[in-house]
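The values are calculated or read from the model by the stated rules, or taken from the named source; none is laboratory data. If you're wondering where the values come from, they're calculated on a predicted model, not measured in any experiment. Backbone-built Cβ (ideal geometry, glycine too); neighbour counts: all protein chains shown. Side chains included, ligands, DNA and RNA excluded: accessible areas come from the protein's heavy atoms. Shrake-Rupley method; radii C 1.70, N 1.55, O 1.52, S 1.80 Å.
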Amino acid sequence: MQDRTVALLLQGYGWLPDLRRRAPNGDVVRTRLLGRTAVALHGPEAVHFFYDEGHVRRAGALPGPVLDTLFGRGAVHTLDGADHRVRKALFVAGLTDPAAVASFVDHAETAWRAAFAPSGGREVVLFEEAALVLARAVRDWAGLPYDDGEVGGLARDCLAMVDGFATPGPRHLRARRARSRQEGVLARAVEEARGSTVSAADTPFAAFVRHRDAGAGLLDLHTAAVELLNVARPAIAIAWFVAFAGHALHRWPETREHLRDDGPGAYATAFAHEVRRFYPFVPFVGGLAARDLEWRGEPIPEDALLLLDVYGQNHDAALWPDPYRFDPGRFLSRPPHPDALIPQGGGDVHTGHRCPGEDITVAVLAALSRALARQEWTVPPQDLRIPLRRIPTAPRSGFRIALPPV
Ligand code: HEM
């Protein structure tokens, strides 16, 4: 069978849905990727199968170029079994507690107000401005060691790590440089904190400084830096969703009216879920078959690459009637089923690899979408196309808005 890695690089988000359309049994795609047999699964039952630890392991699954840009060597994403559970507990404890989520939202709203207060007559690229807002929020929330002059560099580097992970060439080199720069900054900060006699404030940063892994040792400096970046980078990456939220408010102005009038926040939460479902961000997640497996009659050999089709599942008409219609209403009467809506992975957040930052993402995206809807702005002429061949994608212009003179 022909290796399809080049086709993936060329086709982007359309790659897996296209193979699926051509597969005899559309729920399973057999192909070759990165020189391995690859089997792609789709649908809520496949999510359950994929997130069973006995079926899929993560060690060795992610290619070096992805680790050296997006996640970092030794990241929680690459661990299995007890090692994973102990490291994951640190993230889950710090990120999913409702008080921690509310505090993150407070920091994000404060940073947003400060960024947009001097609104008079300027144009702003929403994607970049949102990244700066989120960088300030995650710094203040987590106690990260960046002063006001350095936080813009953190925002730019974190965007670069995400922007360059899935492509060869200059974007990829920028991503590598960004990662090694920020790993260096954070490793030095962890070393300094460990050497300090002043007792540390009780922050997520301090929790990572003190954390002991399954083997009972402190994280080495590099791993501590990698995991701190696994908080900062994805928090700043919520900027992709904020830019998409701006695009949706512009494209479907009635959603802006609903958000403006949204009292208790139910509509804002539904809007945030629909932005995460509708717009393309994560194409798929992957792991390796832990042993010989079978899925719906298809044999999957041990060590085959198993992919879970995130983008395709979020646009599956069997799960989402009229899937290419942007409709927050689909989430108003009931919350999404956790294995149906999987823009941040599926399964159980404690035991599996589901994203521990999902609650923060939904709450922050809801809050910033509402703040954006309540503000006055217009959309100057620009290129609003969202190219599906590019991973990750965004409105080409970054979504520029003009703030009226005060
Ligand atoms: C894991 C997406 C925001 C921290 C993941 C996974 C996805 C994802 C797809 C992997 C699931 C898997 O491998 O099965 C996203 C998206 C976000 C986002 C689209 C929005 C921008 C966040 C935030 C944080 C975060 C805000 C933390 C502040 C993590 C961590 C993992 C993870 C630590 C690894 C979990 C593990 O391997 O057990 N995320 N995420 N993410 N995410 Fe997020």
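Are any of the residues in segment 299-315 surrounded by fewer than 18 Cβ atoms within 10 Å (Cβ to Cβ), under 22 Å from the mean Cα position of the chain (by Cα) and in a loop (DSSP other than H, G, I, E, B)? Yes, segment 299-315 has at least one match.
Contact map, segment 295-311: first residue without any contact (Cβ under 8 Å) to a residue 60 or more places away in the chain and hydrophobic (A, V, I, L, M, F, W, C), second residue open to solvent by less than 10 Å² (accessible area, probe 1.4 Å) and outside any strand (DSSP E or B), Cβ cut-off under 6 Å, separation 6 or more or different chains; pairs are Val310/Ile342.
Number of residues in segment 21-37 that are closer than 24 Å to Phe281 by Cβ and open to solvent by 60 Å² or more (accessible area, probe 1.4 Å): the value is 2. Of note, Pro404 does not satisfy the criterion of being part of a loop (DSSP other than H, G, I, E, B), over 16 Å from the mean Cα position of the chain (by Cα) and within 15 Å of the ligand (Cβ to nearest atom).
Looking at Val226, Val190, Val209, which is the one that is within 16 Å of the ligand (Cβ to nearest atom) and open to solvent by less than 40 Å² (accessible area, probe 1.4 Å)?
Val226
What about Val133, is it away from the ligand (no atom under 12 Å from the Cβ) and not in a helix (DSSP H, G or I)? So Val133 does not fit the description; no. Within this structure, Leu388 passes the test of being closer than 30 Å to Ala38 by Cα and open to solvent by 50 Å² or more (accessible area, probe 1.4 Å). When Gly94, Gly74, Gly64, Gly43 are screened for being touching a residue at least 12 places away in the same chain (Cβ under 8 Å) and either surrounded by fewer than 17 Cβ atoms within 10 Å (Cβ to Cβ) or within 11 Å of the ligand (Cβ to nearest atom) (or both), only Gly94 passes.
Restrict the check to segment 303-315 and report whether at least one residue is over 25 Å from Val162 (Cβ atoms), touching a strand residue (DSSP E or B) at 6+ places or on another chain (Cβ under 7 Å) and of a type outside the set (D, E, K, R). Checking segment 303-315: at least one residue is over 25 Å from Val162 (Cβ atoms), touching a strand residue (DSSP E or B) at 6+ places or on another chain (Cβ under 7 Å) and of a type outside the set (D, E, K, R).
Given the residues Leu126, Leu132, which is the only one that is in contact with a helix residue (DSSP H, G or I) (Cβ under 8 Å, 6 or more places away or on another chain) and open to solvent by 30 Å² or more (accessible area, probe 1.4 Å)? Steps first, please.
Working: Leu126 fails: open to solvent by 30 Å² or more (accessible area, probe 1.4 Å).
The conditions single out Leu132.
As a summary of the residue check, Ala214 satisfies the conditions (1) modelled with pLDDT of 95 or more; (2) surrounded by fewer than 18 Cβ atoms within 10 Å (Cβ to Cβ); (3) within 16 Å of the ligand (Cβ to nearest atom) except for the one numbered (1). Restricting attention to segment 246-273 and to residues that are of a type in the set (Gly, Ala, Ser), within 21 Å of the chain's Cα centre (by Cα) and away from the ligand (no atom under 12 Å from the Cβ), the residue that is surrounded by the most Cβ atoms within 10 Å (Cβ to Cβ) turns out to be Gly246. For the structure I just gave you, tell me whether Arg85 is within 10 Å of the ligand (Cβ to nearest atom) and open to solvent by 40 Å² or more (accessible area, probe 1.4 Å). When the stated conditions are applied, Arg85 passes them. Within segment 158-179, the only residue that satisfies the criterion of being surrounded by fewer than 24 Cβ atoms within 10 Å (Cβ to Cβ), in contact with a Leu (Cβ under 8 Å, 6 or more places away or on another chain) and assigned to a helix (DSSP H, G or I) is Val162. Of the residues making up segment 391-406, those that are open to solvent by 50 Å² or more (accessible area, probe 1.4 Å) and more than 13 Å from Phe244 (Cα to Cα) are Pro404, Pro405, Val406. Cβ-Cβ under 8 Å, sequence separation 6+ or interchain: first residue in segment 98-115 and acidic (Asp, Glu), partner open to solvent by 20 Å² or more (accessible area, probe 1.4 Å). Which pairs? Here the result reads Glu109/Ala371, each pair linking segment 98-115 to a residue that is open to solvent by 20 Å² or more (accessible area, probe 1.4 Å). Test Phe278 against the stated conditions and say whether it is within 15 Å of the ligand (Cβ to nearest atom), closer than 30 Å to Arg370 by Cα and not acidic (Asp, Glu). So Phe278 passes the test. For the residues Asp359, Asp322, Asp348, the requirement of being open to solvent by 20 Å² or more (accessible area, probe 1.4 Å), farther than 20 Å from Leu62 by Cβ, among the charged types (D, E, K, R) and not in a loop (DSSP other than H, G, I, E, B) singles out Asp359.
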